[in-house]
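The structure under discussion appears below in the form of structure tokens.
The values are calculated or read from the model by the stated rules, or taken from the named source; none is laboratory data. Bear in mind the structure is a predicted one, so any value in this text is a computation, not a measurement. Cβ placement follows ideal geometry from the backbone for every residue including glycine, while neighbour counts extend to all protein chains displayed. Just so you know, the surface numbers come from the protein's heavy atoms only, side chains and all, with ligands and any DNA or RNA stripped out. Shrake-Rupley method; radii C 1.70, N 1.55, O 1.52, S 1.80 Å.
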Amino acid sequence: MHYQPPCGCGCGCDGTAVPPRQSSFQREELIACGEGNLFGPNTPRLPVGPMRMVDRITWIAQQGGAYGQGEVRAELDIDPSLWFFDCHFRGDPVMPGCLGLDAMWQLIGFYLAWEGHRGMGRALGVDEVRFFGQVLPDVRRVTYQIDIKRIIARKLIMVTGDGSLSADGEKIYSAQGLRVGLFNDKVMRRGATAETAVAGVA
């Protein structure tokens, strides 16, 4: 499936009626996003292969969430055979917390693509992360909640938001001040850092 907003900014400013945006995505569509085949060229992509930490997006919307600015809800099915349990740690398997954090950045980048923004997505930081539980092999499902806080669409396109991860319904990770930005290919090839790209935007 190929989702295409009516104009580059996704808002219908070319005078056409804006069709309802798709509000959920299955695994095959997320794989297509990683290959650049879901939202079109020059849009943020999910990682491919084992680094994609999301199996489905159950809800994505421009309204709602803790700040009324939009939200994403997503899931990852847990299986004892997943690659990270074998190496982290041998004899003491646990999903690395950094993978759960990366999943939140992945989902914010996906939100930007879904909104119709263009560019290469990069995580820009997070203000605070807390872990108060673990994802062990006997967990059946991880769920993510992303609350969009602010979208900046100027020289740099950037989203800030908060996120949480729950294991079988129990909240065990939280992250405040997640930031993801979009960059054009020319800027990335020049080797611009997040600090130089973001300067003067906040």
For this session: Find the accessible area per residue for segment 46-157; the probe is 1.4 Å, ligands and nucleic acids are left out, and the unit is Å².
Result: 49 Å²
Exercise. So what is the diffusion coefficient of segment 90-150 in µm² per second by Stokes-Einstein at 4 °C and 1.567 mPa s, using a Kirkwood Rh over Cα pairs?
Worked result: 94 µm²/s
For this session: Give me the distance in nm between label points sitting 7 Å out from Cα along the Cα-to-Cβ direction at N42 and R130, one decimal.
Result: 4.2 nm
For this session: Loop only per DSSP, at most 16 neighbouring Cβ atoms within 10 Å: give me the GluC sites (Glu not before Pro) in segment 88-180, ordered by residue number.
Result: none
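Express in % the proportion of alpha carbon pairs of segment 61-124 at distances exceeding 14 Å.
Details: 1361 of 2016 pairs.
Roughly 68 percent, rounded to a whole number.
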For this session: Quick one: give the max-minus-min coordinate of the C-alpha atoms of segment 27-83 along each principal axis, largest first, in Å.
Result: 37, 32, 14
Problem set entry | Neighbour cut-off at most 16 other Cβ (10 Å), DSSP loop, chymotrypsin sites (Phe, Trp or Tyr not before Pro), segment 50-110 | Y67, F89
